[in-house]
Amino acid sequence: MATIPANTRLAARRTASGWLGALVKAAREAPLMAVIILGGLVLVALLADLIAPYDPTLPVKGAEMFVPPFWMEGGSVATPLGTDFQGRDILSRLIYGARVSLVVGLMGTLVAGGIGTAMGILSGYVGGWVDQIIMRVTDAWLALPAIVFAIFLAAMVGPSMWNIIVILGAVYWTRYARVIRGEVLTLRERDFVKLAEIAGASKLRVIKKHILPNVMNTATVLASLTVGVVIIAEASLSFLGVGVPPPQPAWGLMLSEARPTLMAGQWWLTVFPGACILLIVLATQLFGDWLRVRLDPQTRNL
Amino acid sequence: MKRPRFEASGLFTLLAAALILGAVASAAIPFASPAGAAAKGKLVLAWHAGFASRWLDPQEHDGTATPDNFFTAIHDALIKNQGTALYDYPALAEHFSVAADAKSATFTLRKGVKFHNGDPVTPQDVKFSYENYRGAKADVFKKKTERVEIVDDRTIRFVFKEPFLDFAILFGTANVAGPGWVVPEKYYKQVGADGFKQKPIGAGPYKLARHEPGVRVEMEAFDGYYRPVNVKQLVMISVPEAATRVAMLERGEADIVYNVPGELITKVGKLPGVTLAPVLSGSFFIEFPGFQDPKNPFHDKRVREAVSLAVDRRAMNQAETAGMGKPTGNWINNDVQYAIEWPEYPRNVEKAKQLLREAGYPNGFDVDWVTPLPTFYSRGERLIAQLREVGIRGRLQTMERGIYFQRLQGGLKEFPGTQIILHGVRIAGSWSFWYEGHFKCGGFNSRDRICVKDLDGKFDQYERSINPAERKKLAEEIQRGILDNYYLVPVFRHAFVNAIGPRVVLQKWQDVFPTITTGYAYPWEDIKVKD
Amino acid sequence: MSQFIIRRILYSVVTLFILSATIFLIVRLTGDPVALMAEASARPEDLERIRHQWGLDRSWPVQYATFMQNALTGELGKSFNYRLPVSELYFQRLPNSLTLGLAATLISLLIGIPAGIISAVKVNTAWDNVAKGVALLGLSIPGFWLGLVLILVFSVWLRWLPTSGSGDWRHVVMPALALGWYFAASMLRLTRSSMLEVLGSEYIKLARLKGLPDFVVIAMHAFKNALIPVFTLAGVNMVVMVNAAVIIEVIFAWPGIGRLLYEGIFQRDFPLVQGVVIMAGFMIIGINLFVDVLYAFIDPRIRLSR
């Protein structure tokens, strides 16, 4: 949609390693809050086995169900954030849940970004009937509800965290495909690509050397904004009964399974996972927004 | 396929009961009063799923308990289950009798019964409803019936080709089949089967006022009904989310809500003026697919018994239904014909471990999957935690509902290796429907997963038999065979917990949910609300 | 130009065709509606009868041919569960979905546009962060949980609003808020970047040079020009909200199209799912076509680039 001024495009034309270097440099200037939250969650996810007090999938031995957080009457320091409807430790589930949510969020985004970027480049660079087919499929995809996919895949291969990742990737690739294709269309007309083609570089080489590095900025920005959306979508799939299967401690699943308890006053079952989701999504969104301004000021409407 | 099952069952008791009840009913006809005139107020029901319009047409009864809720409001049957009567409560029929040879049944209509459009209910309508019936078990009725005779303007006789001993049970139990529910022939033909589902006209206590398919059914008291109708407006709203239904009850937007989830039962019970109605419903039991294979750990009876000993039925009942269900001995509900009583199984973790040691599993073993009936996943999780205490290590497998039922249809090949299924079901009528659907080789849901040859042999004998005493004996033998050998491990009877708001007049919850065979509120005409 | 429009329409037809084949196949691979419906004491005869009645005993190619043949005449088949033509069901629910979609769009604009303006005008200030925070919050809370919290607070505790269902304006408030807030974030982003772009343009610089106060520049000039893409996106979002607000409609028992789809999918009501998805696809593809053509009018370069 936006027309791209030549000077910024040239500035964005970097080699892959240069792009990485810029990212590292940029990370130092990133919004503090978002980085702290995301960094903390990654740390928690990595160290889950060490810091979680209990097995997140099994009831705590000797603990009741619905034990409130420790500061409330009837609470216990043994289970500081209380227990759920199975008598499992909520803190442990939250800690392991960070792992599930991050894996689902990142991998889902990676799958979506991978398919979408590949499709976008193929469509934009190869053009012709390939472009036609990919774009028509992309359009049709937009009208297919995610839940239909979810049930379809669950029917084919059974529910699992990895299938959820595939489902989310399959749902969200279209936004990459459209944006990347647009970028590639302009890139294709640019001198350095034309020159490479005249010099006899193969299509694959042109894509690798000239197209891909130049769409990475956009793809990265899109990815940073998609992570949060994917995490929310994972929770929504749980609500519909086709998300990450229990007893895995996914935040979305915790929130969805325990939703009736909200009305019963056992707020700790949903408020903690809800807050975790809110934090991570907010952090990724803020980070993505910042990244967008930093890397790709021209891209709008993502 | 020949279905001798219906040829004989409790011949004498049944006949006697039918005759006596027929007589009692004719002696005690409820007083006829202009019903609608006195009706006042409004009752709102929050229904727990979507509405399928087909549930408004008894002609296409799907054989499940669900349509009951709508039939009992809009339609009426010749005889039906009501209160303690399982199938023979005289409704549109003033009385009925089954011939001594069980080769015919005669019904006499009440005087002056009318459909909502003012047309009288005639024997011709009854005949049409019976002959045009296309729902569950339609083929059974078709095969057995020779003709339907209209004797006079109030009397109709069903004549059978052979003794049809289960006729009254099948005909009169609302959640088994629907040929006894009378629809107006003229109107039905005029609007067609699909049109009828949008704007059904029946002879029930409530006539349809407005129908938003899938969302809302609004009804009004029918002043031509033969029993007094108390509440003027009856509104049923589909509210799929349980938490929302409870909020509606709390705010007074709904007077009756169905299916309060386990976590909310205690809280809802404490709401001012709210009464809980825990209706005993489906039975949950453990199944070991492929246990006949000697390589399967569950092939050993001791292992299956160990599972039973490891299950904490009371804890399960407490956690899942706030203790309102019932830990069971028999997997077949006791409200069906020939179901035997069986004591609740004990829990004994030590003995379970001992049995596992004897069976050669001192360190327990791994189960590939534990699959609970969707969406009761937390029951599966509890089962896994309980089994883990004796060393049986399982993993939960969740399936979306539609997929689960399709997998069951696929049989054993869909459940390879070592597996456990925590199934749950509710079937009305006869114990044989349970056996046939969920145990027998090739049964609708059991397929080839768990059948036992010699029990199937006995079941064939049962189906062929026309001797009620022998049938009863065989039925009990087969049930004992299953339970003694732990072919199935019964867990508990689920409580379908409903809640009644403060505006509804009642002494006890059974006034609104007389249960026995239907889990829903009824009879609608009897329910009263405060002004 | 007319050639461009014709080409775009042709594309749309192809897209709809791909969509119809995909959804036809996918729903059939997800399971058997008959096995699901007759669960308890059904017998093979019962199932066969229903299968035949619903036309499921025919081969898939035959079923698809019938489906397409009917679809071309505007008939999308008859729902298994409601026994009504799917198009009729769809149009029965459409007014409700439009109401909700409009209200939610309004809310997304009411939150997103001011937040976007603030964050464009006051870049990197506390105001910017607060505005962004508010707009992003709706995106960061799963809709079903937000919905239940709203019900708990506004219906159960405060008793201001009815919990669910449809009726007067009070029924719309909570579902529209829960739905619209999610889309507020995209409104914020677009408003901000449009504003920044317009504020940086020669035209606005000129207005500033003329000595017009900031307030006037923003209100009269920048805002007006930044709005076109914002409203375009709002339109596209609304089509999505009308057709796919499954979770919000379920939580608030809102009688819209999302719930129709939800029940259709879980009951494996093939004609219903196919029909709703095709109708939704028709609307989504339609509005995209409209936007493309609109932009082609505004910016002729687009015509050439495709």
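The values are calculated or read from the model by the stated rules, or taken from the named source; none is laboratory data. Because the structure is predicted, anything quoted here is derived from the model rather than measured. No Cβ is skipped: glycine too gets one built from the backbone with ideal geometry, and neighbour counts run over all protein chains shown.
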Task: Residues that are more than 7 Å from every other protein chain (Cβ to nearest Cβ), within 18 Å of C:Ala104 (Cα to Cα), in contact with a Lys or Arg (Cβ under 9 Å, 6 or more places away or on another chain) and hydrophobic (A, V, I, L, M, F, W, C), drawn from region C:247-301 - done: C:Ile257
- [ ] Give just the number: which of (1) in contact (Cβ under 8 Å) with a residue 24 or more places away in the chain; (2) over 26 Å from B:Arg388 (Cβ atoms); (3) assigned to a loop (DSSP other than H, G, I, E, B) does A:Leu58 not satisfy?
- [x] (2)
Open item on the list: Condition check: surrounded by 23 or more Cβ atoms within 10 Å (Cβ to Cβ) and under 22 Å from the mean Cα position of the chain (by Cα). Does B:Glu287 satisfy that?
Closed with: yes
Open item on the list: Pull out all pairs, ordered by first then second residue, where Cβ-Cβ is under 8 Å, the residues are six or more apart or on different chains, the first lies in region B:224-249 and is on the phi > 0 side of the Ramachandran plot, and the second is aromatic (Phe, Trp, Tyr).
Closed with: none
- [ ] Could you check how many residues of region B:192-206 are more than 10 Å from chain C (Cβ to nearest Cβ) and either assigned to a loop (DSSP other than H, G, I, E, B) or modelled with pLDDT under 95 (or both)?
- [x] 7
- [ ] Any chance you could count how many residues in region A:148-161 are touching a residue at least 24 places away in the same chain (Cβ under 8 Å) and either farther than 25 Å from B:Arg395 by Cβ or away from chain C (no Cβ under 14 Å) (or both)?
- [x] 2
Task: Filter result for B:Thr244 (closer than 30 Å to C:Leu94 by Cβ and hydroxyl-bearing (Ser, Thr, Tyr)) - done: yes
Task: Answer from B:Thr122, B:Thr72, B:Thr84, B:Thr106 - the residue that is of a type in the set (Ser, Thr, Tyr) and either free of Cβ contacts under 8 Å to residues at least 12 places away in the same chain or within 18 Å of B:Leu208 (Cα to Cα) (or both) - done: B:Thr72
TODO: Could you grab the pairs with beta carbons closer than 6 Å, sequence gap of 6+ or different chains, first residue in region B:184-202 and surrounded by 15 or more Cβ atoms within 10 Å (Cβ to Cβ), second one among the acidic types (Asp, Glu) and part of a loop (DSSP other than H, G, I, E, B)?
DONE: B:Pro184/B:Asp119; B:Phe196/B:Asp57; B:Lys197/B:Asp57
Open item on the list: Yes or no: region C:157-178 includes at least one residue that is within 12 Å of chain A (Cβ to nearest Cβ), in a helix (DSSP H, G or I) and under 25 Å from A:Val227 (Cα atoms).
Closed with: no
- [ ] Identify all residues within region B:442-467 that are hydrophobic (A, V, I, L, M, F, W, C) and out of contact with any strand residue (DSSP E or B) (no Cβ under 8 Å at 6 or more places or on another chain); write none if there are none.
- [x] B:Phe444, B:Val452, B:Leu455, B:Phe459, B:Ile466
Task: Residue identified as closer than 28 Å to B:His48 by Cα, surrounded by fewer than 23 Cβ atoms within 10 Å (Cβ to Cβ) and hydroxyl-bearing (Ser, Thr, Tyr) among B:Thr145, B:Thr122, B:Thr84 - done: B:Thr84
Open item on the list: Looking for something farther than 30 Å from C:Leu29 by Cα and either within 13 Å of chain C (Cβ to nearest Cβ) or outside any helix (DSSP H, G or I) (or both) - is there at least one such residue anywhere in region A:227-237?
Closed with: yes
Open item on the list: Testing B:Arg147 on (1) more than 15 Å from B:Thr108 (Cα to Cα); (2) without any contact (Cβ under 8 Å) to a residue 60 or more places away in the chain; (3) in contact with a strand residue (DSSP E or B) (Cβ under 7 Å, 6 or more places away or on another chain); (4) part of a helix (DSSP H, G or I), one condition comes back false. Which one is that?
Closed with: (4)
Open item on the list: Can you list the strands (runs of 3 or more DSSP E) lying wholly within region B:48-114 that have 3 or more residues being within 17 Å of the chain's Cα centre (by Cα)?
Closed with: B:79-82, B:85-90
Open item on the list: Take the residues in region A:259-289 that are among the hydrophobic types (A, V, I, L, M, F, W, C) and more than 10 Å from chain C (Cβ to nearest Cβ); name whichever of them is farthest from A:Val100 (Cα to Cα).
Closed with: A:Ala264
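Matching residues to (1) over 14 Å from the mean Cα position of the chain (by Cα); (2) under 30 Å from A:Gly87 (Cβ atoms):
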{"residue": "A:Glu183", "(1), (2)": "yes, no"}
{"residue": "A:Leu187", "(1), (2)": "yes, no"}
{"residue": "A:Ala233", "(1), (2)": "no, yes"}
{"residue": "A:Pro245", "(1), (2)": "yes, yes"}
Task: Residue among C:Asn129, C:Asn96 that is within 14 Å of chain B (Cβ to nearest Cβ) and either in a helix (DSSP H, G or I) or at pLDDT below 90 (or both) - done: C:Asn96
